[in-house]
1. Restricting to the range A:21-57, what's the tally of residues that are more than 12 Å from chain B (Cβ to nearest Cβ) and in contact with a helix residue (DSSP H, G or I) (Cβ under 6 Å, 6 or more places away or on another chain)?
2. Only residues that are in contact with a strand residue (DSSP E or B) (Cβ under 9 Å, 6 or more places away or on another chain) and closer than 21 Å to residue A:198 by Cβ: list them for the range B:72-100, please.
3. Condition check: within 24 Å of residue B:44 (Cα to Cα), outside the structural domain of residue A:61 (by TED's automatic domain parsing), within 32 Å of the chain's Cα centre (by Cα) and not acidic (Asp, Glu). Does residue A:205 satisfy that?
4. Going residue by residue through the range A:161-172, is there one that turns out to be in the same structural domain as residue A:190 (by TED's automatic domain parsing) and among the acidic types (Asp, Glu)?
5. Which one of B:216, B:157, B:149 is crowded, with 22+ Cβ neighbours inside 10 Å and more than 32 Å from the chain's Cα centre (by Cα)?
6. Can you tell me how many residues in the range A:345-390 are among the β-branched types (Val, Ile, Thr), surrounded by 15 or more Cβ atoms within 10 Å (Cβ to Cβ) and modelled with pLDDT under 95?
7. Can you tell me which residue among A:435, A:412, A:384, A:372 is part of a helix (DSSP H, G or I) and either over 30 Å from residue A:182 (Cβ atoms) or acidic (Asp, Glu) (or both)?
8. Any idea which residue in the range A:255-282 is surrounded by the fewest Cβ atoms within 10 Å (Cβ to Cβ), counting only those that are within 14 Å of chain B (Cβ to nearest Cβ) and under 17 Å from residue A:224 (Cα atoms)?
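The values are calculated or read from the model by the stated rules, or taken from the named source; none is laboratory data. Since we're looking at a predicted model, the values are computed, not measured. Backbone-built Cβ (ideal geometry, glycine too); neighbour counts: all protein chains shown.
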Number of protein chains: 2
Amino acid sequence: MSSEDTNPRARRPDRGATALLTDRYELTMVAAALQDGTADRECTFEVFGRRLPDGRRYGVVAGTGRLLDLVADFRFGDDELATLDWLDGDTVDWLRDYRFSGSIDGYREGELYFPGSPVLTVRGTFAEAVLLETLALSVLNHDSAVASAAARMVSAAAGRRMIEMGSRRTHEEAAVAAARAAYLAGLDATSNLEAARRHAIPTAGTSAHAFTLAHASADGPDERAAFAAQIATLGVGTTLLVDTYDITQGVANAIEVAGPGLGAVRIDSGDLGVLARQVRDQLDALGATETKIVVSGDLDEYAIAALRAEPVDSYGVGTSLVTGSGAPTAGMVYKLVEIDGIPVTKRSSHKESPGGAKSAIRTARRSGTVVEEVIFPTGGTPPETPGLSATPLQIPMIRDGEPVDDLPTLPESREHLARALVTLPWEGLGLSRGEPAIPTRTITGRDR
Amino acid sequence: MSSEDTNPRARRPDRGATALLTDRYELTMVAAALQDGTADRECTFEVFGRRLPDGRRYGVVAGTGRLLDLVADFRFGDDELATLDWLDGDTVDWLRDYRFSGSIDGYREGELYFPGSPVLTVRGTFAEAVLLETLALSVLNHDSAVASAAARMVSAAAGRRMIEMGSRRTHEEAAVAAARAAYLAGLDATSNLEAARRHAIPTAGTSAHAFTLAHASADGPDERAAFAAQIATLGVGTTLLVDTYDITQGVANAIEVAGPGLGAVRIDSGDLGVLARQVRDQLDALGATETKIVVSGDLDEYAIAALRAEPVDSYGVGTSLVTGSGAPTAGMVYKLVEIDGIPVTKRSSHKESPGGAKSAIRTARRSGTVVEEVIFPTGGTPPETPGLSATPLQIPMIRDGEPVDDLPTLPESREHLARALVTLPWEGLGLSRGEPAIPTRTITGRDR
């Protein structure tokens, strides 16, 4: 973990059209809408979450950058159309020419969100905008779930170094996106090499138990041989995994082989708090006072917080992070809210939400602490906020089908989130279950 | 939902090398192992889960077919190597020539597994086999988590039609794999179009609330116009979504527009049991006795089971399915168990498991009901099972780096699982939390 590089190439690998990463019903709706003219009506769709996952105080918007790239590749080529032989010819012809030509606005990546926040607003004809439902939700629901969990872990770690190493516990492509979301949320590095290639995220990692076990001979284990081989290749600044056999012996072997200049030791099992203290004492007694301690193994935000008083220098987090720590999806929905200027809303159940396109501001005291989020009809007058600053939360992302210039980069979004988190009232960063950190006030368009 | 097609093309789209879908530490281990000769030692790695998710009675192996394809593409081309500039030249040269040349055996897709089951066995040199850790775990942990949850839902549905529609609640590529795992587990169709292209899975889907809302005018909603447009395009056999406004009026509108030959109505919100009964009565009273009822909206295996007595014809399942219904990852690990014929195992903690390559059989009574799983040292004598049949659970998958002929197809694996589930003792199919459906007996190699 001690050596790490940042790859400056942030390019995506070549990939095919993304247009089939969607649900069949979007295409059948387009087909029916083309026949009766609904296809061309001007629409506004909004992405929002009705609530935060149980007990969470805030959510973190993530995935927008990925989504904008995927929308650019949302085309129906011959290969895609060949698989849609159940569609009528007019619809196939329309899909062949499809490219999104509308506009997208939204909360920037790394922005906090709360129940009802209009995190993405898609404007265009019904047919062109309805097609993006599944892709938009897949990306935002996954990435925001991971970033929201990761941000809590970063808070819990209180400045200590954190490495994302959860690739093995999630789908192989979701792993790349999870590494990106984790980095956005403030983690320092990832184990995932594709995330380095695609998103220029620093990587970390040195060895697994298999490496130590692989140095066994007919005479038994040979941990020292494994450590020596690793140091010969990765240098004395590397991190040695010391809990394959006996941890105390492992630490002794590590310092014997590496000397007191060893970069770090990693502990991956057992009572991490107790072991960290023992290992710290042992390292100090051996003169390895600068050797760091990395812990890993089923850590979530609560376990990270519980280790705050222990001599831990770095956390490796995996399963809990990539699965959203109990909330594996953000639960956002993509809803038609306006058609030809007419506000519309489903109204058969408690799922009701106000129709009409919505704008949002967040108010703050002079100290910077945020007070509330206010959602109001787009085009209406923003509410008065006497004595408070008011920051608009939506930024333009796509205009006439083209990404706007100067969209935030991933490092910029990462900094934005770090700044946003410190604006929360202090209880907003609590790990215990609670209400959203700030209330949301919705001014409906019904008064208009 | 009423019309559906099976696309016979099961090809994967072109995609790049998969070699970077892995963790940095695998490459640093290869680098160190190349320097001291460990790279060439003959190894056996095994994939297994130490336990099932809390309270689950069985797990379902899924993802193997995808994994074998991804292993074939696990190559380091110039693009990949360019991002690994922190590696030494010898390692880069070795990676450039890399292709897996060992063997892989495992539980076939659709096989049940239990704690400790050796679901995948990878044999090769240390360097070539250690590289596959992350990819193998990502695929198996994700797909098995989804299939394991899906199989419970299929049991709960007791033969009623089920449609997977969870793409929007998971990463866009995980969605394709989830659709595949759900089909393996017995669901009838998916909403996901890429899953149809890649895996020849039947698709389903007709319309969302947005389609009905999009027919609103300045005079207000016009549900009938939406239904008429849908029927004009998709035919009277289609499924109309009736809960956008008032469900009773929606059903009346649906039959008025479609006539009593309407294929189905879908209810997506509210108390689905109560609504299904009301809607059934209303449909019958309108003469639409053959019109089916599809329900969707936050269904999990418990909600599906609770609707068993109601007049529901089809279930649409989403969030809960693609997130593994509380267990979003199967928690399998990839462990070195043998090197140059020497059994090895980590032994510093409770994570201990017996070293040495393992084989497995499952015993059954004459009735077909399974009795126990027995894990024993590979190469050793299988245990006697008087009065019981004994089925070996591992099949060859890759030999000398090449997939063996006649690997099970996805439909074959789907049938295999359906047959396997009926061999469980009756309590094994219970939805409540419990112990594994059958015990696992492990005969260790320590006696050898």
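1. Going through the range A:21-57, the residues more than 12 Å from chain B (Cβ to nearest Cβ) turn out to be A:48, A:51-52, A:54-57.
Subsequent filtering for residues that are in contact with a helix residue (DSSP H, G or I) (Cβ under 6 Å, 6 or more places away or on another chain) retains A:57.
Matching residues across the range A:21-57 total 1.
2. Matches in the range B:72-100: B:86 only.
3. yes
4. Keep residues of the range A:161-172 that are in the same structural domain as residue A:190 (by TED's automatic domain parsing), which gives A:161-172.
Adding the requirement that they be among the acidic types (Asp, Glu) leaves A:164, A:172.
Yes - at least one qualifying residue is present in the range A:161-172.
5. Values: B:157 fails: more than 32 Å from the chain's Cα centre (by Cα); B:149 fails: more than 32 Å from the chain's Cα centre (by Cα).
Unique residue meeting the criteria: B:216.
6. The total comes to 2.
7. A:412
8. A:257
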